[in-house]
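First comes the structure, then the notes that go with it.
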Amino acid sequence: MTDEHRPTLGEMALEVRSKNAGPFWITMELFMRSAQDYAVVADESFINADVIAALYDLDPANIQIFHIPALNVVKISFPRPVAQGGLRDRDIHAGQHHVPLAALVPA
């Protein structure tokens, strides 16, 4: 039995990041290295609202996914669980939300 390493999205991408998209939304971006890598993340059987909802405990109806093939980028936006800077906000810049997404391994 071989122990073949399968790369994560974080390893495949130039950058995976998350950031504020205003006080009520978070946006995550996958900047892929090539058109081939982009095709992997743009495949809706791999990255879709149900997958993101499961990763972040969200309602899939509130998730927006944007494909930008000319830039090899997929953007994912969803409402923040609490308003930016609110009493229960643990990540005011939304800078750590990308970590579960970056850890995904394509099939």
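The values are calculated or read from the model by the stated rules, or taken from the named source; none is laboratory data. Just so you know, these numbers come straight off a predicted model, no measurement behind them. For neighbour counting, all protein chains shown are included, and Cβ atoms are generated from backbone atoms with ideal geometry for every residue, glycine included. Please note that ligands, DNA and RNA were not included when accessible areas were found on the heavy atoms of the full protein model with its side chains. Shrake-Rupley method; radii C 1.70, N 1.55, O 1.52, S 1.80 Å.
Please list the non-local residues whose amide H lies under 5 Å from the amide H of residue 80, H modeled 1.01 Å from N, same-chain partners needing a gap of 5 or more.
25, 26
Give a residue-ordered list of calculated ³J(HN,Hα) values for region 8-16 (Karplus: 6.51 cos²θ - 1.76 cosθ + 1.60, θ = phi - 60°; whole Hz; x for Gly, Pro).
7, 4, x, 7, 7, 8, 5, 7, 10
Suppose R0 equals 25 Å; then what is the FRET efficiency for residue 62 and residue 36 from their Cβ-Cβ distance, rounded to the nearest 0.05?
Computed FRET efficiency for residue 62 and residue 36: 0.25.
Starting from the Kirkwood radius over alpha-carbon pairs of region 53-95, derive D by Stokes-Einstein at 10 °C in a medium of 1.306 mPa s and give it in µm² s⁻¹.
131
With θ set to phi - 60° and the Karplus curve 6.51 cos²θ - 1.76 cosθ + 1.60, what are the ³J(HN,Hα) couplings of region 37-54 in order, to the nearest whole Hz, using x for Gly and Pro?
5, 4, 4, 5, 7, 7, 5, 5, 7, 9, 10, 8, 4, 5, 5, 5, 4, 5
Relative to the Cα centre, what is the charge dipole magnitude of region 14-96, using +1 at the beta carbon of each Lys and Arg, -1 at the beta carbon of each Asp and Glu, and rounding to the nearest 20 debye?
In total the dipole reaches around 320 debye.
Could you provide, to the nearest whole Å², the per residue accessible area of the chain with probe 1.4 Å?
About 61 Å² of surface per residue is accessible.
Go through 5, 96, 85 and say which Cα lies farthest out towards the positive end of the charge dipole of the chain; charges sit on Cβ, +1 for Lys and Arg, -1 for Asp and Glu.
Going by the charge dipole, the pick is 85.
If the convex hull of the alpha-carbon atoms of the chain is projected onto planes in all directions, what is the mean projected area in square nanometres?
7.4
Taking 7 Å along the Cα-to-C-beta vector as the label spot, tell me the residue 92-residue 105 distance in nanometres, rounded to one decimal.
3.8
Ignoring everything but the protein chains, give the 1.4 Å probe accessible area of residue 50 in square angstrom, nearest 10.
Looks like 100 Å² after rounding.
Working with all protein chains in place, sort 9, 14 by solvent-accessible area computed with a 1.4 Å probe, largest first.
14, 9
Enumerate the calculated ³J(HN,Hα) couplings along region 75-85 in order (Karplus 6.51 cos²θ - 1.76 cosθ + 1.60, θ = phi - 60°), each rounded to whole Hz, writing x wherever the residue is Gly or Pro.
10, 10, 10, 7, x, 5, x, 9, 4, 4, x
Trypsin sites (Lys or Arg not before Pro), restricted to region 27-96: which are DSSP loop and have at most 11 other Cβ atoms within 10 Å?
In loop regions of region 27-96 (DSSP not H, G, I, E or B), the sparsely surrounded trypsin sites (Lys or Arg not before Pro) are 88, 90.
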